[in-house]
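Encoded as structure tokens, the structure appears first; notes follow it.
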Amino acid sequence: MAPKRSSATQRPRRRRTSPLELAGHGVKFLGVSILAGVVLAGLALPAVGAIGLGAKNGVQNFNNIPDDFKTPTLDQASYIYDAKGNQIAKVYARDRTILTQDQMSPLSREAQVDIEDARFYQHGAIDPKGVLRAIGKNASTDGASEGASTLTQQYVKNVFIEEAGDDPVAFKAATEKSLGRKIKELKYAIQLEKDLTKDQILTNYLNITFFNHQAYGIEAAAQRYFGKSDKDLTVAEAATLAGMVQNPTAYDPLLHPKAAQARRDTVIDKMLEYKHITPAQAKEAKATQLSADLHYQDPQNGCITAGNGEGFFCDYVKRVVETNPAFGASAADRTKLWTQGGLKIATTIDPDKQAAANSAVTSQVYVTDPVSAAMTMVKPGTGEILAMAQTRPYGLDATKHQTVVNLNVGAAMGGGSGFQPGSTFKAIVAAAAIDGGTQLNQSYPSPASMPYPQMTTCTGTWKNTAKSTVSNDSPSESGPFMMPEAMARSINTYFVSLEADTGLCAVKQMANKLGIKTKASGAPLDEVPAMALGVEEMSPLDMAGVYATFAARGVHCDPIAIKSVTGIDGKQLPVPQANCQQAMQQNTADSINTLLKGVTEKSGTGAALNLSDNRPIAGKTGTTDARRAAWFDGYTPDLVDVTWLGGPDSSIPMDRNITIGGRHFYDTDGVYGANGPGLIWQQAMNQAVAGSPINQFTLVQGAPSATASTDTPPPPNPAQSPGPNQPPNQPANPGDPNNQNPAPGNPPATNAGLITTPPALPPVGSVPNPPPGGTIGGVSLPPGMIGGTGPGTGPGTGKPGKPGHH
């Protein structure tokens with residue numbers, strides 16, 4: 001009798017297969033057999049009764065599948081760059097960077113073939129040996145089954161998954177385990193092998209495959225796990241990625257490092273077996289600990305990753321692509337373009353000016369403050385947005401005071417409903433009047449308070465049936481005034497009178513020409529008398545476009561954020577244009593620049609905002625009721641900077657006892673245009689223009705001085721209305737559509753087209769019989785007024801004695 005084998009050498013007893021498992025293997029065998037029969041029949045034989053019924057039905061289904069399989073354009077990442085070529089953000093629906101065959105590492109290609117389909121270059125769309133091997137192994141093993149899909153078939157399956165996107169029904173259909181799906185994949189795999197070379201199929205496969213952690217394609221995977229390009233991978237690194245493809249979660253080196261390393265070593269063994277690496281290379285690769293190779297990089301997707309405060313501008317660029325017809329006729333076309341990605345977007349943002357803006361709005365206003373600041377810089381004559389910044393960072397974490405609401409733009413572009421611009425809107429009223437023929441020496445009684453006069457609109461007449469009144473900010477503010485002094489002192493009753501003679505329709509039309517077609521919310525502009533006082537909400541970008549038109553001598557340009565876009569095919573795409581055109585006469589703009597330059601000189605409301613290199617500036621302060629919003633819209637001939645300060649929902653009064661950026665305003669009568677946003681503007685502009693050429697404004701010569709109310713006024717212009725009490729039968733409103741005798745166009749200035757010095761102003765103290773108080777650009781001010789001496793103010797402090805629209 002033969003001796004018994006020891007337990008150590010005894011062959012383990014094979015587990016008895018149950019009848020149910022045998023039946024399961026039979027079904028698998030039958031399915032694979034039918035599939036093989038379908039392929040053979042579909043390729044070589046007619047659908048005849050000689051093959052089984054299952055195969056016959058399969059052949060019919062096979063032949064009914066259309067032959068129009070097309071390799072898709074894969075979604076991939078887009079890149080947004082600033083004006084100097086620095087990357088602002090990488091954005092994607094799927095993080096993928098397409099590589100050509102030449103750009104791929106041979107190691108990655110060889111590793112993938114060796115572990116997934118070693119006979120890839122010998123067989124066609126189906127591998128008969130692989131099918132037989134799978135049948136035999138699946139019938140003889142108790143555990144997981146082995147597939148027989150070729151790389152070509154796997155690529156076709158991945159195409160269907162890619163096309164399904166986020167559609168759960170389509171994804172289920174693309175991944176369900178059914179004979180019908182296999183037949184469909186086989187049909188298209190056969191067609192694909194006719195249309196593409198093996199190298200092309202492998203390249204496409206490596207670009208489409210998912211590697212977990214939002215990484216699609218071999219390049220994104222190499223960057224994600226190893227922080228390097230695919231072409232720079234080592235043998236061990238290439239083997240790690242190749243091993244993940246079968247099951248990206250099970251072999252994830254972060255989640256399951258032991259399983260991932262074992263799988264990696266299996267791939268290395270296969271690469272050695274097929275002689276793609278040497279024994280020495282295999283030994284060295286397997287000796288490397290997987291953890292030592294990993295340099296995992298978190299997914300960096302979207303505008304939230306932008307630095308330098310550029311997240312809001314990045315979001316604005318995205319919305320431009322999604323809304324502007326330049327990028328597609330329909331919303332669906334534009335969404336597809338953005339989602340498909342592969343774009344290289346060069347923008348207008350100047351990183352140096354952006355840094356200046358971001359530093360100013362974040363250093364002078366804290367994210368924890370109840371208010372926020374927003375700033376937009378624009379290059380006059382081009383429409384180019386050079387900077388866009390705000391205090392609160394871009395993001396969704398409210399605990400960190402983050403927000404995705406862009407306070408610089410209107411609702412349609414990711415902003416809110418905007419903010420009342422206050423007295424900064426008076427420049428638009430003045431532009432409408434001057435462009436219609438009104439002279440700078442136009443005088444009005446401008447009492448401290450008066451009823452709103454009757455005004456024409458684009459469709460009729462507004463009448464003050466409610467007997468509403470308009471008041472200046474102080475009872476001591478009473479005219480008569482001419483336009484320069486009225487602008488310097490921000491006289492409400494003057495600009496309402498000017499608005500009445502000009503007509504609400506003309507003011508609205510001028511706002512339209514300057515880029516303001518609607519309120520920031522998208523609602524239409526209201527033709528109401530209080531329009532002159534800046535009660536209709538605007539965005540900083542809106543107002544930057546207005547003041548850029550003045551700086552460009554009347555040339556208005558639509559704001560643009562994108563210089564060029566290179567598409568997924570490497571070709572240039574059309575981009576939105578600035579559509580620059582003359583919106584007003586040059587002399588009108590020169591007149592406005594003359595008025596606003598005076599605001600920033602000597603004792604003007606913006607006198608403390610002069611820049612460190614003493615270059616000429618112009619601008620207008622604006623403050624709304626209860627100081628819920630404060631503005632400074634300032635500019636040089638080459639750069640416009642509009643700065644807003646206030647509560648994001650306009651609900652925070654800044655008229656008393658408020659601390660902003662560590663500064664206490666309780667002893668300064670609160671925040672107003674010069675001491676709040678003005679100082680933020682000054683800091684940003686000093687940094688932004690440092691070292692750049694100094695250019696001059698073109699100013700009008702002989703304009704009335706800002707002290708005109710203390711002098712003898714010149715006779716009124718006969719072409720103008722005598723004032724708001726114009727008899728109804730003598731229309732003289734140049735903006736009135738019913739006016740049969742409109743005022744003539746503004747005559748050219750004596751220095752039109754020339755650069756001149758500012759008009760001479762009498763020295764402080766030389767004005768005849770000056771009233772008590774301070775001075776503002778040569779204008780004597782009564783006690784309690786901006787720059788005046790009175791209760792609560794000091795000599796030359798430049799702060800108001802009373803809240804108002806300054």
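The values are calculated or read from the model by the stated rules, or taken from the named source; none is laboratory data. What you see is a predicted model, and the numbers here were worked out from it, not measured in a lab. Glycine gets a Cβ as well: all are built from the backbone with ideal geometry, and neighbour counts include every protein chain shown.
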- Task: Looking only at region 522-538, decide whether some residue is crowded, with 23+ Cβ neighbours inside 10 Å and within 21 Å of Ile617 (Cα to Cα).
- Result: no
- Query: So which of Leu386, Leu396 ends up being among the aliphatic types (A, V, I, L, M) and surrounded by fewer than 18 Cβ atoms within 10 Å (Cβ to Cβ)?
  - Reply: Leu396
- Per the filter on region 548-571, residues farther than 18 Å from Asp633 by Cα and either of a type in the set (A, V, I, L, M) or touching a strand residue (DSSP E or B) at 6+ places or on another chain (Cβ under 6 Å) (or both) are Ile560, Ala561, Ile562, Lys563, Ser564, Val565, Thr566, Gly567, Ile568
- Message: Can you tell me which of (1) modelled with pLDDT of 90 or more; (2) surrounded by 14 or more Cβ atoms within 10 Å (Cβ to Cβ) is the one Pro128 doesn't meet?
- Response: (1)
- Item | Where a residue in region 632-649 is crowded, with 24+ Cβ neighbours inside 10 Å and its partner, wherever it lies, is of a type in the set (Lys, Arg), with Cβ under 6 Å and at least six apart | Asp633/Lys620; Gly646/Arg628
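Yes or no, residue by residue, for (1) among the hydrophobic types (A, V, I, L, M, F, W, C); (2) within 30 Å of Gly85 (Cβ to Cβ); (3) in the same structural domain as Pro677 (by TED's automatic domain parsing):
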position: Phe327; (1), (2), (3): yes, yes, no
position: Thr362; (1), (2), (3): no, yes, yes
position: Val365; (1), (2), (3): yes, no, yes
position: Arg392; (1), (2), (3): no, yes, yes
position: His401; (1), (2), (3): no, no, yes
position: Asn408; (1), (2), (3): no, yes, yes
position: Gly437; (1), (2), (3): no, no, yes
position: Gln442; (1), (2), (3): no, no, yes
- Item | Conditions (1) assigned to a loop (DSSP other than H, G, I, E, B); (2) under 20 Å from Val640 (Cβ atoms); number of the one not met by Asp526 | (2)
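Residue by residue, here is whether (1) surrounded by fewer than 22 Cβ atoms within 10 Å (Cβ to Cβ); (2) touching a Lys or Arg at 6+ places or on another chain (Cβ under 6 Å) holds:
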position	(1), (2)
Ala282	yes, no
Pro299	yes, no
Tyr316	no, no
Val320	yes, no
Ala329	yes, no
Thr335	yes, no
Ala346	yes, yes
Asp350	yes, no
Thr362	yes, no
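Taking Asn512, is it in the same structural domain as Thr600 (by TED's automatic domain parsing), crowded, with 24+ Cβ neighbours inside 10 Å and of a type in the set (S, T, N, Q)?
Working: in the same structural domain as Thr600 (by TED's automatic domain parsing): yes; crowded, with 24+ Cβ neighbours inside 10 Å: no; of a type in the set (S, T, N, Q): yes.
It is false that Asn512 is in the same structural domain as Thr600 (by TED's automatic domain parsing), crowded, with 24+ Cβ neighbours inside 10 Å and of a type in the set (S, T, N, Q).
Specify which of the listed residues (Leu290, Leu343) is at pLDDT below 95 and of a type in the set (A, V, I, L, M, F, W, C). Step through it out loud before you land on a result.
Values: Leu343 fails: at pLDDT below 95.
Answer to the check: Leu290.
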- Query: Do we find that Gln154 is farther than 30 Å from Ala387 by Cα, in a loop (DSSP other than H, G, I, E, B), modelled with pLDDT of 90 or more and assigned by TED's automatic domain parsing to the domain that holds Thr266 in this structure?
  - Reply: no
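Those residues that are of a type in the set (D, E, K, R) and surrounded by fewer than 15 Cβ atoms within 10 Å (Cβ to Cβ), I need them from region 166-188; list them, please. Before the answer, list the steps.
Narrowing region 166-188 to residues of a type in the set (D, E, K, R): 166-167, 172, 176-177, 181-182, 184-185, 187.
If the condition is that a residue be of a type in the set (D, E, K, R) and surrounded by fewer than 15 Cβ atoms within 10 Å (Cβ to Cβ), then Asp166, Asp167, Lys172, Glu176, Lys177 are the ones that fit.
Being over 27 Å from Pro451 (Cα atoms), in a loop (DSSP other than H, G, I, E, B), in contact (Cβ under 8 Å) with a residue 60 or more places away in the chain and not small (Gly, Ala, Ser) is the requirement here; does Asp558 meet it?
On the way: over 27 Å from Pro451 (Cα atoms): yes; in a loop (DSSP other than H, G, I, E, B): yes; in contact (Cβ under 8 Å) with a residue 60 or more places away in the chain: yes; not small (Gly, Ala, Ser): yes.
When the stated conditions are applied, Asp558 passes them.
Residue check: is Thr621 in the same structural domain as Ala432 (by TED's automatic domain parsing) and either surrounded by fewer than 18 Cβ atoms within 10 Å (Cβ to Cβ) or in contact with a strand residue (DSSP E or B) (Cβ under 6 Å, 6 or more places away or on another chain) (or both)?
Values: in the same structural domain as Ala432 (by TED's automatic domain parsing): yes; either surrounded by fewer than 18 Cβ atoms within 10 Å (Cβ to Cβ) or in contact with a strand residue (DSSP E or B) (Cβ under 6 Å, 6 or more places away or on another chain) (or both): yes.
So Thr621 passes the test.
For region 394-418, name all the residues that are within 14 Å of the chain's Cα centre (by Cα) and part of a loop (DSSP other than H, G, I, E, B).
Just the residues of region 394-418 that are within 14 Å of the chain's Cα centre (by Cα), to begin with: 394-395, 403-415.
Selection gives Gly395, Val404, Val405, Asn406, Leu407, Asn408, Val409, Gly414, Gly415.
Every residue, every condition in (1) among the aliphatic types (A, V, I, L, M); (2) out of contact with any helix residue (DSSP H, G or I) (no Cβ under 6 Å at 6 or more places or on another chain), yes or no:
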position: Leu440; (1), (2): yes, no
position: Pro445; (1), (2): no, yes
position: Pro451; (1), (2): no, yes
position: Asn464; (1), (2): no, yes
position: Asp473; (1), (2): no, yes
position: Met483; (1), (2): yes, yes
position: Met487; (1), (2): yes, no
position: Glu499; (1), (2): no, no
- Tally, over region 419-467, of residues that are at positive phi, in contact (Cβ under 8 Å) with a residue 40 or more places away in the chain and in a loop (DSSP other than H, G, I, E, B): 2
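Of the residues Lys620, Lys602, Lys597, Lys563, only one is in a loop (DSSP other than H, G, I, E, B) and of a type outside the set (Val, Ile, Thr); which? Lay out the reasoning, then the answer.
Working: Lys620 fails: in a loop (DSSP other than H, G, I, E, B); Lys597 fails: in a loop (DSSP other than H, G, I, E, B); Lys563 fails: in a loop (DSSP other than H, G, I, E, B).
So the residue among Lys620, Lys602, Lys597, Lys563 that is in a loop (DSSP other than H, G, I, E, B) and of a type outside the set (Val, Ile, Thr) is Lys602.
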- What single numbered condition from (1) crowded, with 20+ Cβ neighbours inside 10 Å; (2) in a helix (DSSP H, G or I) fails to hold for Gln687? (1)
- Message: Just to be sure before I move on: is Ala607 surrounded by fewer than 17 Cβ atoms within 10 Å (Cβ to Cβ), assigned by TED's automatic domain parsing to the domain that holds Ile385, touching an Asp or Glu at 6+ places or on another chain (Cβ under 8 Å) and not acidic (Asp, Glu) in the structure I sent?
- Response: no
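Being modelled with pLDDT under 90, more than 30 Å from Gln289 (Cα to Cα) and either surrounded by fewer than 20 Cβ atoms within 10 Å (Cβ to Cβ) or β-branched (Val, Ile, Thr) (or both): is that true of Gly136 here?
Values: modelled with pLDDT under 90: yes; more than 30 Å from Gln289 (Cα to Cα): yes; either surrounded by fewer than 20 Cβ atoms within 10 Å (Cβ to Cβ) or β-branched (Val, Ile, Thr) (or both): yes.
Taking the combined requirement at face value, the residue satisfies it.
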- Task: Quick one: Ala280 ticks every box in (1) over 30 Å from the mean Cα position of the chain (by Cα); (2) closer than 24 Å to Thr100 by Cβ; (3) in a helix (DSSP H, G or I) except a single one, so which number is it?
- Result: (2)
- Message: Condition (residue is within 16 Å of Ala589 (Cα to Cα), part of a loop (DSSP other than H, G, I, E, B), touching a Gly at 6+ places or on another chain (Cβ under 9 Å) and of a type outside the set (A, V, I, L, M)) applied to region 533-551: is it met by at least one residue?
- Response: no
- Message: Condition check: touching a residue at least 40 places away in the same chain (Cβ under 8 Å) and acidic (Asp, Glu). Does Asp298 satisfy that?
- Response: no
- Output the residue which, of all residues in region 650-674 that are touching a helix residue (DSSP H, G or I) at 6+ places or on another chain (Cβ under 6 Å) and modelled with pLDDT under 90, is surrounded by the fewest Cβ atoms within 10 Å (Cβ to Cβ). Asp655
- Which one is surrounded by the fewest Cβ atoms within 10 Å (Cβ to Cβ) among residues in region 247-280 that are of a type in the set (Asp, Glu) and touching a residue at least 40 places away in the same chain (Cβ under 8 Å)? Glu273
